[in-house]
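Report on one structure; see the data block that follows.
The values are calculated or read from the model by the stated rules, or taken from the named source; none is laboratory data. None of the values given here were measured: they were computed from a predicted structure. Here the Cβ positions follow ideal geometry from the backbone for every residue, glycine too, while neighbour counts run over all protein chains shown. Surface areas here come from the heavy atoms of the whole protein model, side chains and all, with no ligands, DNA or RNA. Shrake-Rupley method; radii C 1.70, N 1.55, O 1.52, S 1.80 Å.
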Amino acid sequence: MGAALNGETVEQPFDINKKLEELPVEIRLRAIDRLKVARLRHRKGLLARILLVLALIGPGILVMVADNDAGGVITYAQTGSIFGLGFFIPLMVLMVPTAYLVQEMTVRLAAVTRRGHAEMIWKRYGPFWGAFSLGDLVIANSLTLVTEFIGITFGMSIFGVKPLIAVVIGIAFISTVMLTLRYHKWERASLIIAFFNMIFIPLVFFAHPDWSLVAKTFLTWHVSGGLSSLFIYVLLANIGTTIAPWMLFFQQSSEVDKGTVPEDIGAGKRDTFVGACIMATVAICIIVLTGTLVFSTGHVGSSTSTTSYNIAFILSTISKKIGTLPVELFALGLIDAGIIAAIALTASTSWAVGEAFNWPKSINLPFLEGRKFYIPGIISMLVAAAIVLIPNIPLGFLNITVQVIASIFMPAALLFLLLLVNDKEVMGKHVNTKWENASIITIMVVLVTMSSLYGLSLVFPHLF
Amino acid sequence: MAIDENDFSFIKNEKDWDNFLKREKLKDYSKIPVKRAHVNGWVKFAFVFLRIYIVIMLALIVLGFLNII
């Protein structure tokens, strides 16, 4: 662009800030984030490479760590308490490729389509499937939020905090993170919170486990005690905890809001893989911790069940054996797990509703401009928090309902994922390869069978 | 929020800026329509299976919950 001066054209300096001002606010903030990524790509040297890697991580780690939520932590603790160091440690290692293969597809979908999962289902497959997916997701997210608040209140009770105060602290913290931070800072703050989920890794060393026994589980992988109904129940619970429908929606929307483009697919895959490794490591550490300290104590024989090995019993056993500090660290981990999952679930609900109704949908939006976007997530959180405070509410029944809804939703969520990622019109050259489809269909068949059986076993306890 | 232009000297002019916006897909996608997918072949079969699965699961779960209550 130039201006005529004495017959000559004088170049006006290019004003990047003026150009940014012309963009809508959510795109402007994303553009600034992407400019920083582009600047790192232009720089040479090891420091620039490290900073680029750090800039591109986020949704993959967040989704996997948030999957180790309060319910997940309790499930792993019960698994180790009931079955010790055995079948479930190698199983958790197998969950790394399983979770990775499912979740990395959302990275590609987001990078290529620049749209969330709910939006793609609604627009490609119509309002029936769109409404079904959205309704199921919102109900499941809201009920899962109840379990997160149960974890937060239980964890805080270890430090003598009353449930009402714990719930208020939880609401204030989660709302502040979502409403006051724009995407980049929201993601960084969430990653810091997610980092504390790794508290379970040093915690395992308090138990002085026999690592040779842990290693042996890989060489002698078998089901100790045979295929009992309890074993099937715990197996299904662990698989159900590892892959949940909300994860697909969360990661795809998060990648879109982050600004992931096809050039970042490799980085997004690495982010997802690192997240899956963290998820499995934390799960294994919890299983080893309770497998070493709680397994074969207290409840044995016919009385063994997930209800007899409740979290209060597990923590009191740990406290008796190695003191109160590890129990306090465990409680901190449980609070952190509830908070990081609540942050992810709240955002997931807001993104999905915004995508379905074509509302503005970005954490880059200031509250007043994006109130339509923020309100569904905040309402779901407030409802969940209120439910936890109702005296004598059947929390066990609620937990069953969450799992049942997830089990109904799982096949649909996976089918739409598979359809979208194989849609050449949408994905172009980024469609699944034959090998990827073969792996995913195998995983789908196992997951759908397991989640259906799990859902049914919860309402028909004597099915197996 | 203003940024320091010197940090982004790789964007020198309008053309660089337009290329940047295009490469980074920085546009309002809500204004771009998405075409409905053609549902036929095995996809149609999968959708029928999915509907049957949902109906059966819902029926079994209602029965199960009635037993629990």
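Of note:
- Rounded to 0.05, the FRET efficiency of the A:Ser228 and B:Asn67 pair, given R0 = 22 Å and the Cβ-Cβ distance, is 0.50.
- For the residues of A:419-425, the average number of beta carbons from a partner chain within 10 Å of their own beta carbon is 2.
- Pairwise FRET efficiency - A:Leu329 versus B:Asp4, Cβ, R0 = 51 Å, nearest 0.05: 0.75
- Taking the longest Cα principal axis of chain A as reference, the axis of helix A:265-293 is set at about 20 degrees.
- The label-point distance for A:Lys185 and B:Lys31, in a model that sets each label 7 Å from Cα toward Cβ, rounds to 2.8 nm.
- Computed log₁₀ I(q)/I(0) - Debye formula, equal Cα scatterers, no solvent, region A:408-452, q 0.15, 0.33 Å⁻¹: -0.38, -1.13
- Residues in region A:9-51 occluded by at least 30 Å² - accessible area, probe radius 1.4 Å, against chain by itself: A:Phe14, A:Ile16, A:Asn17, A:Lys19, A:Leu23, A:Ile27, A:Ile32, A:Arg34, A:Leu35, A:Ala38, A:Arg39, A:His42
- Simple label model, 7 Å out from Cα along Cβ direction - A:Ile375 to A:Leu219, nm: 6.3 nm
- Signed unit charges on C-beta, dipole axis of the protein assembly as shown, positive-most listed residue A:Gly170, A:Ala342, A:Thr401: A:Thr401
- Estimated FRET transfer efficiency when R0 is 60 angstrom, pair A:Lys424-A:Lys320 (beta carbons, to 0.05): 0.50
- With 32 Å as the limit, the listed pairs A:Lys185/A:Lys321; A:Lys162/A:Lys258; A:Lys424/B:Lys12; B:Lys15/B:Lys35; A:Lys361/A:Lys434 have A:Lys185/A:Lys321; A:Lys162/A:Lys258; A:Lys424/B:Lys12; A:Lys361/A:Lys434 beyond it between alpha carbons.
- Taking all protein chains into account, the per residue accessible area for chain A stands at 38 Å² (1.4 Å probe).
- Unit charges at the beta carbon, dipole of region B:14-65: most positive-side option, B:Val62, B:Val34, B:Ala46: B:Ala46
- Computed from point charges on the beta carbon alone (+1 for Lys and Arg, -1 for Asp and Glu), the dipole magnitude for chain A about its Cα centre is near 520 Debye.
- For region A:173-260, the Rg and Dmax computed from alpha carbons only, in angstrom: 19.3, 52
- Reachable aspartates and glutamates, given that their alpha-carbon falls under 12 Å from the alpha-carbon of A:Lys216 and they are not under 8 places away in the same chain: none
- Its convex hull of Cα atoms gives the protein assembly as shown a direction-averaged projected area, equal to a quarter of the hull surface, of 27.7 nm².
- Were the residues from A:Leu47 through A:Asn437 laid out at 0.36 nm apart, the gain over their Cα-Cα distance would be 136.7 nm.
- Helical mean residue ellipticity (222 nm; -39500 (n - 2.57) per DSSP H run of 4+; nearest 500) of chain A: -25000 deg cm²/dmol
- For A:His430, solvent-accessible area (1.4 Å; no DNA, RNA or ligand), Å²: 40 Å²
- All aspartates and glutamates inside 19 Å of A:Lys320 as judged from Cα atoms, apart from same-chain residues fewer than 8 positions distant: A:Glu328
- Max-minus-min Cα coordinates of region B:14-65 on each principal axis give 64, 31, 16 Å, with the largest extent listed first.
- Averaged over the residues of B:16-27, the number of partner chain Cβ atoms lying within 10 Å of the residue Cβ comes to 5.
- Taking label positions 7 Å along the Cα-Cβ direction at both A:Ile165 and B:Ala46, the computed distance is 5.2 nm, reported to one decimal.
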